[in-house]
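Following: one structure in structure tokens, then a few remarks.
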Amino acid sequence: AKAALILKMAGFIAKVDALQGLAAAASENNYTRPAINMDQTISIEDGRHPVVEKLITGERYVPNSIELDDTSSQVLLITGPNMAGKSTVLRQVALTVLMAQMGSFVPARKASLCLVDRIFTRVGALDNLSSGQSTFMVEMEETANIVNNATERSLVILDEIGRGTSTYDGMSIAWAVTDFLHDLNGRGVKTLFATHYHELTRLETLKPRVKNFNIAVKEFNDNIV
């Protein structure tokens, strides 16, 4: 007889627990309240990766600022040496957007974010050999899902494309996908693309909303920063 009341109370407690968890994380980790804008921009000042910053010991997480919009900086090509932090930057932007849309404060000094309909990712290298899928096939299926389903309101995170095949074939695929996402539906889609194909940086001179960025690395006291 009391089942409905118990279920309602459990739902209420669950909501309070979730909100308390977000509040505690924001307080303990120096998160900030994001602004939500309607002009389709993603502006993150001194953003951090909420997980990586907790795992590194003995050193400071170096924050990164990102500006994405639909007018001049829509597709960001990010280059830099291995272990520079390219992949981390991509992931922290996606996580910041996701956290903001679920009602959380975010790991940044300041953030103004638009709403996105979906976050598409192509990261990591894995295979599914038991189902007859090589690493390259998995990569291509994930990429195909992005080009077939992304809209101008999406956020796309690409961590390398074409690494599972020959250099020129891979570079051709990466170039074509970048070109496609820039021109999608005549409007393009906000995209972060980390790549070792430095030849792609030419796209900045060919496409109006492509911008090149490089993750800087410094040697300091026998350490890499």
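The values are calculated or read from the model by the stated rules, or taken from the named source; none is laboratory data. Computed from a predicted structure; not experimentally measured. Note: ideal-geometry Cβ built from the backbone for every residue, glycine included; neighbour counts use all protein chains shown. Each accessible area value is taken on the protein alone, full model and side chains, heavy atoms only, with ligands, DNA and RNA left out. Shrake-Rupley method; radii C 1.70, N 1.55, O 1.52, S 1.80 Å.
Taking the options Ile173, Ile146, name whichever one is in a helix (DSSP H, G or I), within 16 Å of the chain's Cα centre (by Cα), aliphatic (A, V, I, L, M) and buried (at least 18 other Cβ atoms within 10 Å of the Cβ).
Values: Ile173 fails: within 16 Å of the chain's Cα centre (by Cα).
Going through Ile173, Ile146 in turn, just one is in a helix (DSSP H, G or I), within 16 Å of the chain's Cα centre (by Cα), aliphatic (A, V, I, L, M) and buried (at least 18 other Cβ atoms within 10 Å of the Cβ): Ile146.
Of the numbered conditions (1) over 23 Å from Thr41 (Cβ atoms); (2) surrounded by fewer than 18 Cβ atoms within 10 Å (Cβ to Cβ); (3) free of Cβ contacts under 8 Å to residues at least 40 places away in the same chain; (4) not aromatic (Phe, Trp, Tyr), Val138 satisfies every one except a single condition; which is it?
It is condition (2) that Val138 fails.
Restricting the first residue to the range 29-47 and requiring it to be in a loop (DSSP other than H, G, I, E, B), which pairs with a second residue that is among the aromatic types (Phe, Trp, Tyr) meet a Cβ separation below 6 Å and a spacing of at least six or different chains?
As it stands, the answer is Tyr31/Phe105; Arg33/Phe105, since those pairs meet every condition given.
Limited to the range 100-113, what total is found for residues that are buried (at least 22 other Cβ atoms within 10 Å of the Cβ) and either free of Cβ contacts under 8 Å to residues at least 60 places away in the same chain or closer than 15 Å to Arg153 by Cα (or both)?
Adding up the residues that qualify gives 1.
Every residue, every condition in (1) open to solvent by 60 Å² or more (accessible area, probe 1.4 Å); (2) within 30 Å of Asn223 (Cβ to Cβ); (3) part of a loop (DSSP other than H, G, I, E, B), yes or no:
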position	(1), (2), (3)
Leu5	yes, no, no
Ala14	no, no, no
Asp17	yes, no, no
Ser27	yes, no, no
Pro50	no, yes, yes
Thr71	yes, no, yes
Ile78	no, yes, no
Met83	yes, yes, yes
Gln92	no, yes, no
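Just one of Val123, Val156 is within 22 Å of Glu199 (Cα to Cα), among the β-branched types (Val, Ile, Thr) and at pLDDT 95 or above; which is it?
Numbers: Val123 fails: at pLDDT 95 or above.
Among Val123, Val156, only Val156 is within 22 Å of Glu199 (Cα to Cα), among the β-branched types (Val, Ile, Thr) and at pLDDT 95 or above.
Give the residue, chosen from Gln101, Gln74, Gln133, Gln92, that is under 28 Å from Gly170 (Cβ atoms) and in contact with a Leu (Cβ under 8 Å, 6 or more places away or on another chain).
Details: Gln101 fails: under 28 Å from Gly170 (Cβ atoms); Gln133 fails: in contact with a Leu (Cβ under 8 Å, 6 or more places away or on another chain); Gln92 fails: in contact with a Leu (Cβ under 8 Å, 6 or more places away or on another chain).
The match here is Gln74.
Restricting the first residue to the range 170-199 and requiring it to be more than 16 Å from Asp70 (Cα to Cα), which pairs with a second residue that is open to solvent by 50 Å² or more (accessible area, probe 1.4 Å) meet a Cβ separation below 7 Å and a spacing of at least six or different chains?
Gly170/Arg163; Met171/Glu199
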